[in-house]
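See below for the structure under consideration.
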Amino acid sequence: QVQLVESGGGLVQAGGSLRLSCAASGRTFSTVTMGWYRQAPGKERDLVARFIWSDGRTTYADSVKGRFTISRDNAKNTVYLQMNSLNPEDTAIYYCQVIVIVREDKRAVANTYWGQGTQVTVSS
């Protein structure tokens with residue numbers, strides 16, 4: 001099992017900033033991707049930003065490019081999401097996600113794990 005611990009959500013006024021953190025722990029694993037998704041009421045859960053762990057390549061949703069920055073601490077298996085210039089459309093529950101390779105017997109299998117979510121609310 002892999003556990004994801006998220007922190008940093010809260011209430012902020014439009015134009016403000018927040019920094020989210022997500023730390024992964026548990027049994028031995030190799031990270032494939034790690035990043036953030038978000039889900040607003042009545043909407044689908046969408047990708048915000050994530051790393052391809054092996055080479056540090058990043059992917060951002062068009063709606064957050066230039067405002068959000070994802071970073072990582074490889075030794076701590078932790079990712080951060082610096083969110084600047086927040087607007088009410090960013091209001092959502094933000095979920096950390098990691099895809100890992102776990103060794104089982106003679107096989108390596110890919111598993112996806114989700115954090116519990118952290119609420120981000122941006123007031124106008």
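Local charge sum around residue 46 (other residues, Cβ-Cβ under 11 Å, Lys/Arg +1, Asp/Glu -1)?
Surrounding charge for residue 46 is +1.
Would you work out the Kirkwood radius for region 51-124? I mean one over the mean of 1/r across all pairs of different Cα atoms, in Å.
One over the average 1/r among Cα pairs gives 14.5 Å for region 51-124.
Rounded, prolate or oblate, given the Cα gyration tensor of the chain, with a/c below 1.5 counting as rounded?
In terms of gyration-tensor shape, prolate.
Apply the Karplus curve 6.51 cos²θ - 1.76 cosθ + 1.60, θ = phi - 60°, to the phi angles in region 99-110 and return the couplings in whole Hz, x for Gly and Pro.
Rounded to whole hertz, the list is 10, 10, 9, 10, 8, 10, 6, 9, 10, 10, 10, 9.
Remind me, relative contact order of the chain in percent, using alpha carbon pairs under 8 angstrom and six or more residues apart?
In percent, rounded to a whole number, it is 35.
With a 1.4 Å probe and all protein chains left in place, how much accessible area per residue does the chain have, in Å²?
Per-residue value: 55 Å².
Summing Lys, Arg as +1 and Asp, Glu as -1, what charge do residues with Cβ under 13 Å from the Cβ of residue 117 carry, residue 117 excluded?
+1
The values are calculated or read from the model by the stated rules, or taken from the named source; none is laboratory data. Computed from a prediction, not measured in an experiment: that's the story for all the values here. Reconstructed Cβ throughout: ideal geometry from the backbone, glycine too, with neighbour counts over all protein chains shown. Surface areas here come from the heavy atoms of the whole protein model, side chains and all, with no ligands, DNA or RNA. Shrake-Rupley method; radii C 1.70, N 1.55, O 1.52, S 1.80 Å.
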